[in-house]
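The values are calculated or read from the model by the stated rules, or taken from the named source; none is laboratory data. In this text, all values refer to a predicted model and were calculated from it rather than measured experimentally. Glycine also receives a Cβ, built like all others from the backbone with ideal geometry; neighbour counts cover every protein chain displayed. Side chains included, ligands, DNA and RNA excluded: accessible areas come from the protein's heavy atoms. Shrake-Rupley method; radii C 1.70, N 1.55, O 1.52, S 1.80 Å.
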Amino acid sequence: MEKIVSLCKRRGFIFQSSEIYGGLNGCWDYGPLGVELKRNVKNYWWRVMVHERDDVVGMDGSILMNRAVWKASGHEDTFTDPMVDCRSCKARLRTDQLVEKKGIKQCPNCGGKDLTAPRAFNLMFKTYVGATEDESSITYLRPETAQAIFVQFKNVLEVSRKKLPFGIAQVGKAFRNEINPRNFTFRSREFEQMELEYFCRAEEGMKWLDYWLEERLKFYENIGIPRAQLHVKTVPDGERAFYSKGTYDIEYDFPFGRQELEGVAYRTDYDLSQHQKASGKSLEYFDEETKQKFIPHVVEPSAGVDRTVLALICEAYSEDEAPDEKGKMETRVVLRLHPQIAPIKCAVFPLLKNKELLVEKAKEIVDLLRPHMNVFYDESGAIGRRYRRQDEIGTPFGVTVDFETLGEKDPALRDTVTLRDRDSMKQERVPVKDLPSILVSRIS
Ligand code: GAP
């Protein structure tokens, strides 16, 4: 993990939030490359979950909602972690983090046994809306994006004119005052979720639960996490939310252990029923064929953007051996990111920066590629160093403009360039005019 955290900082993927003031625990900032990677993950999720389907529409709800939402959903009373304080080292710990030796619970930091009794600690961040800070102005930063979908269910149903089964998708920030944020971005206090609420008939809930599990596994495979690295945990009865009839956790083997990437849960009609009861507004669906009214059930695949990004970086990180400028073998750090989600798709290099014609041609190629993909121009340093810099940030393709491109060596090679593949390091000669189509097909 240390190598990954260091690469993320050094190359501008992820920085500690408020770093110059000592940071803020559990909060992270994405730098120039991190924001591209994150955006590519979200865009691909949106493409397969919304654009490529007839049965899903999107929405973008507000982060602050009426406090009544959190009362009705159960978050105000039950969205808690049991927490203890260690009286010896003053650490505040989740009870599941205590270590047990000879039947006695101990602090994992100092081994102390003088612990307070467990207390429920609500994970929602409380805030006040408006100028007065009293009981009537309290609300919370949302701890999940899902509730906005439930409370807008009727509006979206009416405007989209969808029939069951259909889904509403949303990507956005969520906030949890985690007791112990840790493992880099894995458990943060501010993070992003990609959630789908898929509404269906009660008798079809279990079928859609299995369907969405498979769809979600395919998603991770398509962005570069092989099926063999993904593990499906069937959450047992005692560990599921009381209203859920079935939940799967999709887990990934992070360097710090096997951990949840995404939950796929059959939430029954719990949420819509709660909001209907609390608001007094009907959230029923009218079936035109049977002329019946009922509250739909819901299956929810809920993924974390930050956890997906972290898994992708962990999966892509590798070291191999490659020759340096003088032909001596050296360690090469390479991020083998899937081209689809790589922050930069292609780097363009003039062989020498002091040859005007090479520079001019390389810049023309940047302009040619830019409408199709995120391109990076680099003229500084030896060409081998420039390749290494791109390998380390996962750029799948490198284009070099050399004297052959100018037709100086062989007129037949005029307007051709070398195209280098990050993973195999193989180079091929291709006509400049074919570059957009070759690259676009290899990226997708
Ligand atoms: N609406 C359902 C829901 O929020 P969850 O299992 O609590 O379910 C869903 O969260 C996903 O959100 C998790 O699988 C994880 O990817 C992400 N997530 C949850 N808490 C997180 C945290 N503290 N930091 C980063 N990601 C988190």
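General remarks:
- Extension gain for Q16 to H372 (0.36 nm times residue separation, less C-alpha to C-alpha distance): 124.9 nm.
- Gain on full extension, evaluated as 0.36 nm per residue between K71 and E325 minus their Cα-Cα distance, stands at 85.0 nm.
- Inter-part distance, segment 131-169 to segment 290-344, computed on C-alpha centroids, equals 30 Å.
- The chain - Kirkwood radius from inverse mean 1/r over Cα pairs (Å): 24.9 Å
- Share of carbon and sulfur in the accessible area of segment 86-179 stands at 49%, probe radius 1.4 Å.
- Note on the chain: dipole from Cβ charges, positive end direction compared against G381, L337, V232; the farthest Cα belongs to G381.
- Straight Cα distances below 21 angstrom link K71 to the lysines K126, K154, K173, K277, K281, with same-chain residues fewer than 8 positions distant left out.
- Each of S437 and R258 was given a label point 7 Å from its Cα along the Cα-to-Cβ line. The distance between the two points is 4.7 nm.
- Dipole-positive endmost among W70, V84, H51 within segment 45-88 (Cβ charges, Cα centre): V84
- Highest-first packing order for the peptide set 284-291, 228-235 is 228-235, 284-291, based on the mean count of other beta carbon atoms within 10 Å.
- Relative to the Cα centre, the charge distribution of segment 336-387, modelled as +1 at Lys and Arg Cβ and -1 at Asp and Glu Cβ, gives a dipole magnitude of about 240 debye.
- Spatial separation of Cα centroids for segment 226-286 and segment 348-370, in angstrom: 51 Å
- Computed with a 1.4 Å probe over protein heavy atoms only, the accessible surface of segment 60-208 comes to 49 Å² per residue.
- MRE, 222 nm, helices only [DSSP H, n ≥ 4, -39500 (n - 2.57), over the chain, to nearest 500]: -8000 deg cm²/dmol
- Looking at the chain, the DSSP beta bridges with both ends there are about 85 percent antiparallel.
- Protein heavy-atom accessible surface, 1.4 Å probe, per residue over segment 247-357: 43 Å².
- For the chain, a simple Cβ point-charge model (Lys and Arg +1, Asp and Glu -1, everything else neutral) yields a dipole of about 780 debye relative to the Cα centre.
- Ligands, DNA and RNA left out, the accessible area of segment 207-335 computed with a 1.4 Å probe is 47% carbon and sulfur.
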